[in-house]
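Notes for the one structure printed next.
The values are calculated or read from the model by the stated rules, or taken from the named source; none is laboratory data. These figures come from a predicted structure and were not determined experimentally. Cβ placement follows ideal geometry from the backbone for every residue including glycine, while neighbour counts extend to all protein chains displayed. When the accessible area is computed, the model is the full protein with side chains, heavy atoms only, and any ligands, DNA or RNA have been set aside. Shrake-Rupley method; radii C 1.70, N 1.55, O 1.52, S 1.80 Å.
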Amino acid sequence: MSRPTDQGVPAQEAASAPVELLLHFDDEAAQAGALARELGVPARCIACHRFPDGELRLTLPAPLPPRVALLRGLHDPNEKIVQLLIAAPAARELGARDLVLVAPYLAYMRQDIAFAPGEAVSQRHLGAALASWFDAVVTVDPHLHRVATLDEVLPGRRGVAVSAADAIGRFVAACVPGALLLGPDEESAQWVARAAAAGAVAAGGAGRPAEGALDHAVCRKRRHGDRAVEVALPAVDLRGRAVVLIDDVASTGRTLVEAARAALGAGAASVDVAVTHALFVGTALAELRAAGVREVWSSDTVPHPSNAVAVAPLLAGALRELAIQRDATLACRRAERRNTP
């Protein structure tokens, strides 16, 4: 059983912070500590006991202050969703009035439309559940395609989606100067373009873009099944180029494997991989190595040995943005009450 622990700073120093306390589970203590330090607030662990039949008993620190954030990444999501189902109303009972979920990886976002009769649109249903439990949700690079913003996923609530693409672009520019950033499929285009722009500025220094730094292009993909994909390279000469494959999420890794093989087959001098969410299911990482990939880097939205880019500053900034919006809304309401006869 996990036991409550304290991290971060004393509660009295958190008065001006966007939240007063950060809750987390013991398997995300390192991420919680980093975020708590960015925010200047204490972090407390939710104790979780598993009974022999698989049921869970959660114990939260009591009492709770009015403004609370709960950190829970939703990789390996199913049991964690049950934890949220129990933890959120328990936090309300213990005093939390403004409750924000910080989910660095937000699962079930890819299923945003029914492709066959009777198919559940998991994005819609999980979004509705989260909206009923939390006042707002903060995440990093959610897999949204037919939905423009995270707000649309959370009916009546606020969603903030930040991107790790800028940070990844700067990291790649430092590690592989002049690299060609290559998206493994059309869906990666937005992240590749953003990473390339940030990397170009980093290479130029002092906020100036470097001429020709971090070119980028996107492959075309045809999927034949969960693990069967076909990748076509763009019309770009890869001979002698250092290539870095950029994507938002790596799960089975099949698309990245096929793109790496194709790039090396077209004469690329090297192929590295940088992703936001390092799921790397099963033998995915080993298959990338076998395909000739040199280095694999990721942000720390999902704990993994490839983590190289920290997202705590991004998450803290999003929480501050939410707090500014909340305070502005409250100020407007107070002004309306004063002006009401």
> Taking region 237-256 only, how many residues are open to solvent by 20 Å² or more (accessible area, probe 1.4 Å) and over 20 Å from A167 (Cβ atoms)?
Replying inline: 7
> Which of the residues that make up region 142-175 are under 17 Å from R194 (Cβ atoms), open to solvent by 10 Å² or more (accessible area, probe 1.4 Å) and assigned to a loop (DSSP other than H, G, I, E, B)?
Replying inline: P142, H143, L144, H145, A148, T149, S163
> Applying the selection to region 7-33, what residues are surrounded by fewer than 22 Cβ atoms within 10 Å (Cβ to Cβ), modelled with pLDDT under 90 and either of a type in the set (V, I, T) or out of contact with any strand residue (DSSP E or B) (no Cβ under 6 Å at 6 or more places or on another chain) (or both)?
Replying inline: V9, P10, A11, Q12, E13, A14, A15, S16
> strands (runs of 3 or more DSSP E) wholly in region 228-341 with at least 1 residues that are under 16 Å from P104 (Cα atoms) - which ones?
Replying inline: 242-250, 270-278, 296-299, 307-309
> Can you name every residue in region 261-287 that is over 24 Å from D166 (Cβ atoms) and open to solvent by less than 20 Å² (accessible area, probe 1.4 Å)?
Replying inline: A268, A284
> From the list A96, A91, A36, which one is touching a Gly at 6+ places or on another chain (Cβ under 6 Å), modelled with pLDDT of 95 or more and small (G, A, S)?
Replying inline: A36
>> Give me the strands (runs of 3 or more DSSP E) completely within region 55-141, filtered to those with at least 1 residues that are free of Cβ contacts under 8 Å to residues at least 40 places away in the same chain, out of contact with any Phe, Trp or Tyr (no Cβ under 7 Å at 6 or more places or on another chain) and open to solvent by 30 Å² or more (accessible area, probe 1.4 Å), ordered by residue number.
In response: 56-59
> For S188, which of the numbered conditions (1) under 29 Å from A228 (Cα atoms); (2) among the small types (G, A, S); (3) surrounded by 24 or more Cβ atoms within 10 Å (Cβ to Cβ); (4) modelled with pLDDT of 90 or more fails to hold?
Replying inline: (4)
